[in-house]
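This report refers to the structure that appears directly beneath it.
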Amino acid sequence: MCDICVMNVVKDKMLSRRNFFKGAAMASAGAAAATVASAPAALADGHGAIEDMTHILHPDFPTYFGEPQFAMEQVFNFAEHSFNLFTYNVNEHTGTHIDAPLHFGADGMSVDEIPVENLIAPLCVIDIAARAADDADAQLTPEDIRAWIATHGDIPDNACVAMHSGWSSKVDTDSYRNFDGAAQHYPGFHADAAQMLIEETGAMSIAVDTLSLDHGMSADFATHYAWLPTGRFGIENITNLDKVPAAGATLVIGAPKHKGGTGGPARIFALV
């Protein structure tokens, strides 16, 4: 079929769908007028707000390697074709994204194999921002975890334990990657903290508001190698940890689902 034929078919279908949804919207508006708006079921069970935990992904988003890892090209535009469509090219580990077990293992779970029940997680936020403000190489330690437990109680099963270092506020500056010519400098999880979570809790994911689960100057990725091969996963470049409570929120992790993937950009939000 020729290109113009394809475009005409698409246009006709879009107009047909537009008329269908216009009618459906009018019908639903009438029904809504007779009812009282209610919160989504997910919010009804102890949650009253939603917080977006995801950075906007764009070509200049900072990357571990220092080079752009996301690009978009518009191949159809509304003025010419009556619809918009982009293609994009992305490194799996760009922006707010998932590290699947396969990322640091020969035969670990790929991102599409992460059990869906692990993607709804009690959120535990451990705040090391004051320490990180004085030391870019600060790490979340077992002592930080113990202090959190002493205040908030045991870490729930299937929890996501997140490091709040305050680093996400630097995302549009060179200070986010903080490369000094020899090494990067930003906070991360100490491998001993990851090992403690593995041995003493039922946590299934960890998250950082920086470029890496390991602190920036790490040369051996000890935290990645401790955590991911156990079948657990990580989240990097999360944001807005300062807008959610230390305990009590629920994290919803919109992991990508491409076969054999080692991770990928994700839309993540918290029910607060």
>> Can you say whether Ala247 is without any contact (Cβ under 8 Å) to a residue 60 or more places away in the chain, touching a helix residue (DSSP H, G or I) at 6+ places or on another chain (Cβ under 6 Å) and buried (at least 16 other Cβ atoms within 10 Å of the Cβ), as far as the supplied structure shows?
In response: no
> For the subset of region 246-272 comprising residues that are assigned to a strand (DSSP E or B) and among the small types (Gly, Ala, Ser), which member is nearest to Gln69 (Cα to Cα)?
Replying inline: Gly264
> Can you name every residue in region 110-158 that is of a type in the set (Asp, Glu) and open to solvent by 50 Å² or more (accessible area, probe 1.4 Å)?
Replying inline: Glu113, Glu117, Asp127, Asp134, Asp135, Glu143, Asp154, Asp157
>> Quick check on my filter: what residues within region 141-186 are touching a His at 6+ places or on another chain (Cβ under 6 Å) and farther than 21 Å from Ile56 by Cα?
In response: Thr141
> For region 213-227, which residues satisfy the criterion of being among the hydrophobic types (A, V, I, L, M, F, W, C) and open to solvent by less than 30 Å² (accessible area, probe 1.4 Å)?
Replying inline: Leu213, Ala226, Trp227
> Using beta carbons and a limit of 6 Å, which pairs, at least six apart or on different chains, have the first residue in region 161-176 and in contact (Cβ under 8 Å) with a residue 12 or more places away in the chain and the second one surrounded by fewer than 24 Cβ atoms within 10 Å (Cβ to Cβ) and of a type in the set (S, T, N, Q)?
Replying inline: Ser168/Thr239
> Looking at Thr230, Thr210, which one is touching a residue at least 40 places away in the same chain (Cβ under 8 Å) and surrounded by 23 or more Cβ atoms within 10 Å (Cβ to Cβ)?
Replying inline: Thr210
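Results for (1) among the aromatic types (Phe, Trp, Tyr); (2) buried (at least 18 other Cβ atoms within 10 Å of the Cβ); (3) at pLDDT 95 or above, shown as yes or no for each residue.
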{"position": "His55", "(1), (2), (3)": "no, yes, yes"}
{"position": "Glu67", "(1), (2), (3)": "no, no, yes"}
{"position": "Phe70", "(1), (2), (3)": "yes, no, yes"}
{"position": "Glu80", "(1), (2), (3)": "no, no, yes"}
{"position": "Thr87", "(1), (2), (3)": "no, no, yes"}
{"position": "Ile98", "(1), (2), (3)": "no, yes, yes"}
> When Leu197 is evaluated against the numbered criteria (1) aliphatic (A, V, I, L, M); (2) touching a strand residue (DSSP E or B) at 6+ places or on another chain (Cβ under 9 Å); (3) more than 18 Å from Tyr225 (Cβ to Cβ), which criterion, by number, is the only one it fails?
Replying inline: (3)
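The values are calculated or read from the model by the stated rules, or taken from the named source; none is laboratory data. Nothing here was measured: the structure is a model prediction, and the numbers come from that model. As a convention, Cβ positions derive from the backbone with ideal geometry for all residues, glycine included, and neighbour counts pool all protein chains shown. In case anyone asks, the SASA skips ligands and DNA or RNA and just uses the protein heavy atoms, side chains included. Shrake-Rupley method; radii C 1.70, N 1.55, O 1.52, S 1.80 Å.
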